[in-house]
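Derivation of every value follows stated rules applied to the coordinates shown; laboratory data play no part. This is a predicted model, so every value here is computed, not measured. Heads up, the Cβs are rebuilt from the backbone with ideal geometry, glycines too, and the neighbour counts pull from every protein chain shown.
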Ligand SMILES: NC(=O)c1ccc[n+]([C@@H]2O[C@H](COP(=O)([O-])OP(=O)(O)OC[C@H]3O[C@@H](n4cnc5c(N)ncnc54)[C@H](O)[C@@H]3O)[C@@H](O)[C@H]2O)c1
């Protein structure tokens, strides 16, 4: 693919690193930044032939087949609209919109223009995540009951994130978008999110938006998603997921514990890892940050999907659903009530009841629990199907 990069900041560098640091077929052909010096710097650093301070010129560059949006949240819609006008495929960083209305307009404009719309949710492409989702699809942990995702760090690196107008909110929109989509993947993206209960507060920073939030998302099959986000966490970037199923459990730690620990008195140390707060003492570096964070797998899926004329794993529609869940979370943080997820366009299954399957023990009983005791006995706890009576049997 021949790619135009819009933006030359933090995430643009991660994207350029993923696309140009190793041998790949895909190539950045132009970089747009409103400051031409920044565009040139990124172009020089990553060997990009062309740079510009005109967004339109980058999108319309004759070689460009796909546009990669790496701009602040308030510019995503403008950039997508321009791609739709120019009929160029578009892949957009997270969150798709600042709210579901904005995301829906973006979804509509790519679908009306007949162009490709990929949602760059990198954390749904990490090697650990892909393997765990595959295991879940194979039934390895049974029916998913609860999927928790946590992203916390000491706060973002640019002023616009802290400005609610430009970002759409605080830690909840910035980090919650990752957590919500991670839980959706574990629970099943075809399962409708019904309602959200969320606590959010501004505990530390002098900002209008929240710097800490925790919430629950209820799904139509009875599963529960949980998100924990913070811009006030000290100690680096904590990315962890936990999934509980009827037949098993998955724990993923994606960043602070990747199996690489290093101690230094501080001699010769510099950058350690994204959002690391210190560079001496015991440190948790990350071998290949771009890969651990899922970027190469994500781009491979996006570009293969364009070539194969199929949907990618993460679409603009997914970005819209995530925004709708986060809108409900903001409403709940305000009302202190469960708030409905308002999806005017639902493309998944219509399940109306929680799917709780009971395990039959014999003709008269359901099995509640079986356990091996320290004395070697096996205890079976049962419920009578007719009377509801709970009883136990011991086998020596
Ligand atoms: N894991 C991830 O997927 C991830 C991580 C970080 C950021 N992001 C997303 O990437 C996007 C950009 O974030 P970032 O961290 O690179 O921010 P950044 O501040 O480091 O970079 C933003 C870029 O946009 C440009 N820009 C800012 N205001 C502009 C304007 N008014 N007109 C034109 N250009 C403007 C800046 O010059 C810079 O090149 C955001 O949507 C953010 O949520 C995603």
Here the averaged projected area of the stretch 120-201, based on the convex hull of its alpha-carbon atoms and given in nm², is 6.9
When the chain is treated as a Gaussian network with springs between alpha carbons less than 10 Å apart, the largest mean-square fluctuation among 328, 276, 103 is found at 276
Everything considered on the Cα gyration tensor (a ≥ b ≥ c; rounded for a/c under 1.5, else prolate if a/b is larger than b/c, else oblate), the stretch 105-247 must be described as oblate
So the angle from the long Cα axis of helix 36-46 to the longest Cα principal axis of the chain, reported in degrees to the nearest 10, equals 70
hull vol. (C-alpha, convex hull) per residue for the chain, Å³ -> 184
For the stretch 282-396, averaging the sequence separation of alpha carbon pairs under 8 Å that lie six or more residues apart and dividing by its residue count, the contact order in percent is 11
For the chain, the longest principal axis of the Cα atoms and the Cα long axis of helix 100-113 enclose an angle in degrees, to the nearest 10, of 60
So the FRET efficiency between residue 288 and residue 380, C-beta based with R0 = 35 Å and rounded to 0.05, is 0.10
Of all DSSP beta bridges having both residues in the chain, the percent classed as antiparallel (nearest 5) is 65
Percent relative contact order for the stretch 115-183, counting Cα pairs under 8 Å at least six residues apart, stands at 35
Hits in the stretch 227-248: amide N under 16 Å from the 7 Å Cα→Cβ extension of residue 271, namely 237
Restricting to Cα pairs under 8 Å and 6 or more apart, the percent relative contact order of the chain works out to 15
Mean projected area (nm²) from the convex hull of Cα positions in the stretch 288-396 is 15.2
Rounded to one decimal in nm, the spacing of the 7 Å Cα→Cβ label points at residue 350 and residue 334 is 3.0
re the stretch 2-123: pairs of Cα atoms spaced beyond 21 Å account for a percent value of 31
Listing 205, 51 by rising number of other beta-carbon atoms within 10 angstrom, fewest first, gives 205, 51
Fewest-first ordering of 174, 108 by Cβ atoms within 10 Å yields 108, 174
The stretch 5-117: antiparallel bridges as % of DSSP beta bridges, rounded to 5, reads 0
At the level of C-alpha centres, the distance separating the stretch 183-237 and the stretch 303-355, in angstrom, is 14
Computed over the chain: longest principal axis from alpha-carbon atoms vs helix 127-137 long axis, angle to nearest 10 degrees, is 40
If the chain between residue 143 and residue 263 were fully extended at 0.36 nm per residue, the gain over the current Cα-Cα distance would be 39.1 nm
Fewest-first ordering of 387, 152 by Cβ atoms within 10 Å yields 387, 152
To the nearest 0.05, the calculated FRET efficiency linking residue 163 and residue 199 through their beta-carbon distance, R0 being 25 Å, is 0.65
